[in-house]
1. Quick one: how many residues across the range 68-96 are within 17 Å of Gln32 (Cβ to Cβ) and outside any helix (DSSP H, G or I)?
2. Does the range 353-366 hold any residues that are of a type outside the set (D, E, K, R) and under 18 Å from Leu192 (Cα atoms), and which are they?
3. So, restricting to helices (runs of 4 or more DSSP H) that lie completely within the range 272-368, which ones have at least 1 residues that are more than 14 Å from ligand 3 (Cβ to nearest atom)?
4. Of the residues that make up the range 97-114, is at least one outside any helix (DSSP H, G or I), touching a strand residue (DSSP E or B) at 6+ places or on another chain (Cβ under 7 Å) and of a type in the set (Gly, Ala, Ser)?
5. Only one residue in Val388, Val376, Val371 is open to solvent by less than 20 Å² (accessible area, probe 1.4 Å) and in the same structural domain as Thr307 (by TED's automatic domain parsing). Which one?
6. Keeping to the range 111-152, report how many residues are out of contact with any Ser or Thr (no Cβ under 7 Å at 6 or more places or on another chain) and more than 27 Å from Ile173 (Cα to Cα).
7. For the range 289-320, name all the residues that are open to solvent by less than 10 Å² (accessible area, probe 1.4 Å) and within 14 Å of ligand 2 (Cβ to nearest atom).
8. Yes or no: the range 386-393 includes at least one residue that is of a type outside the set (Gly, Ala, Ser), in a loop (DSSP other than H, G, I, E, B) and within 14 Å of ligand 1 (Cβ to nearest atom).
Amino acid sequence: MPSHWRYSLLLGEIDAWCARTGSPGVALLLIQLSGLEEVNSRFGYPGGDRLLEEITRRLGAVGRAQDRVLAVNSRTFALLIDNPLHESHAVLAADKVVRCTAEPVVIGAAQARIRCCIGVSRLPDPARSAEELLRQCEVALAAARSRDEPHVVFAPALLAAPATAGSYAWFDIEEALRAGEFEVFYQPQVDLRTGQLAGAEALVRWHRPQAGYVPPGHFMPAIENSQGIRAILWFVLNSALRQAAAWAVQWPGFSVSVNLATGNLSDPDLVDIVEDALNVWSLPPEQLTLELTEGSLMENPDASARTMGRLRDLGVRMSIDDFGTGYSSLAYLRDLPADELKIDRSFVARVLAADRDRDIVASIVQLAHAVKLKVVAEGIEEAATRAVMAAMGCDYGQGFHFAPPLAAPDFAAAWIDRASECKSG
Ligand code: C2E
Ligand code: MG
Ligand code: MG
């Protein structure tokens with residue numbers, strides 16, 4: 001096990017090490033792990049330690065006898081390669097590191113996975129001092145993270161790369177999650193027959209300390225195909241299930257809906273992530289609904305249907321979100337393992353304006369019922385729209401007419417506490 005080093009100690013170590021070995025050159029790999037929080041929370045801190053021990057052992061086996069592994073902090077390691085024969089030597093080592101960290105680590109009867117990103121630089125070319133070597137490695141690491149590439153070798157051009165305003169990389173998201181900048185808001189879903197609360201949709205909220213509120217539409221697309229999309233799902237799912245389990249005590253049967261992004265659908269661990277969260281928070285699976293937009297389902301219809309089927313086998317309800325925007329065929333709808341259809345708010349908004357639009361929405365409700373799907377009308381903003389949708393036999397309504405998405409305490413005060421007071425009073 002390497003002892004723990006801070007960056008300043010690492011610099012001294014690089015200098016001393018070069019002097020001691022008389023090394024004509026050294027390559028530095030700065031290896032940053034991500035996903036440790038998930039492991040700690042799933043397996044506890046001893047599980048996290050077990051994983052770090054195993055990763056340290058594997059890193060030690062990557063280099064040659066004269067190379068050295070240092071733990072810079074609990075999620076960053078440095079691999080010093082003595083006298084690399086060529087730049088490709090360091091790249092080969094980086095490849096090995098990526099492969100060996102991606103292998104699952106067995107903890108008890110389960111398997112934990114972790115990911116890593118690596119910055120690579122060399123001394124004396126291009127770096128001329130230990131400090132420059134470390135600085136260049138950090139620049140390369142940042143580039144690897146923002147491009148979502150496993151490793152990047154430092155090149156002077158990286159220093160000139162402009163940061164694009166408004167674009168976010170998955171590591172921004174992971175940092176912000178760690179810093180507690182994310183929160184989950186809840187928007188009520190109301191039974192249109194009884195007017196009673198049926199559940200809530202969990203919606204992620206990002207408050208940046210300087211920039212303020214960043215809407216999901218501004219950062220979700222940027223991280224759609226990166227590791228950040230799993231981190232968001234993990235956070236929202238676990239927050240929502242913890243909250244729903246607490247509210248279900250006051251409001252038996254309270255159910256929560258969580259959005260899945262297109263990128264979550266292709267995650268091989270998706271079903272495990274959902275199953276683990278249900279086990280941790282002990283919410284009956286039928287009280288969780290997972291929403292998938294019609295558009296994301298249509299990107300890969302067969303694979304999506306298979307994944308939905310596996311999630312549904314857990315007992316979870318599946319919902320087709322933003323229906324009407326994704327051009328799916330009705331035959332496809334019939335065969336989909338779904339429980340619910342949410343009519344997109346662009347259709348709901350028009351039911352008051354034109355008979356034709358009202359007829360279209362009415363036939364969607366009928367068709368959905370014919371294939372045993374419950375129907376939610378999204379974006380109900382007025383009492384009149386609510387009345388029309390209720391008259392069509394639509395099951396549930398959601399929208400500003402009932403309430404906007406609310407922070408958990410506000411949601412509880414407005415819906416959960418008020419209703420349980422009525423019941424007990
Ligand atoms: P969505 O899942 O269709 O969520 C409903 C969106 O409509 C929310 O926007 C909500 O604030 C908004 N909304 C609700 N009622 C009304 C209304 O009466 N009128 C209008 N004009 N809008 C209404 P939000 O929170 O900005 O989220 C936008 C989209 O971002 C969501 O659409 C969803 O696709 C995505 N999203 C939000 N949170 C998450 C999340 O935790 N995970 C994932 N994967 N996607 C999320
Ligand atoms: Mg949704
Ligand atoms: Mg929607």
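The values are calculated or read from the model by the stated rules, or taken from the named source; none is laboratory data. Here the structure is a predicted model, which means the values were calculated and not measured. Because the Cβ atoms are built from the backbone with ideal geometry, glycine has one as well, and the counts that use them run over all protein chains shown. The protein model used for the area step is the full one, side chains on, heavy atoms only, and it has no ligands, DNA or RNA in it. Shrake-Rupley method; radii C 1.70, N 1.55, O 1.52, S 1.80 Å.
1. So the count comes out to 12.
2. The initial filter retains those residues of the range 353-366 that are of a type outside the set (D, E, K, R), namely 353-354, 360-366.
Selection gives Val361, Ala362, Ser363, Ile364, Val365, Gln366.
3. Details: elements: 294-299, 301-313, 330-335, 345-348.
Fully inside the range 272-368 and qualifying: 294-299, 301-313, 330-335.
4. yes
5. Details: Val388 fails: open to solvent by less than 20 Å² (accessible area, probe 1.4 Å); Val371 fails: open to solvent by less than 20 Å² (accessible area, probe 1.4 Å).
Within the list Val388, Val376, Val371, the selection yields Val376.
6. Of the residues in the range 111-152, 10 are out of contact with any Ser or Thr (no Cβ under 7 Å at 6 or more places or on another chain) and more than 27 Å from Ile173 (Cα to Cα).
7. Thr289, Leu290, Glu291, Leu292, Glu294, Ser296, Leu297, Met318, Ser319, Ile320
8. Going through the range 386-393, the residues of a type outside the set (Gly, Ala, Ser) turn out to be 386, 388-389, 392.
Pick out the ones that are also in a loop (DSSP other than H, G, I, E, B) and you get 392.
Right, trim to within 14 Å of ligand 1 (Cβ to nearest atom) and you get none.
No, the range 386-393 contains no residue that is of a type outside the set (Gly, Ala, Ser), in a loop (DSSP other than H, G, I, E, B) and within 14 Å of ligand 1 (Cβ to nearest atom).
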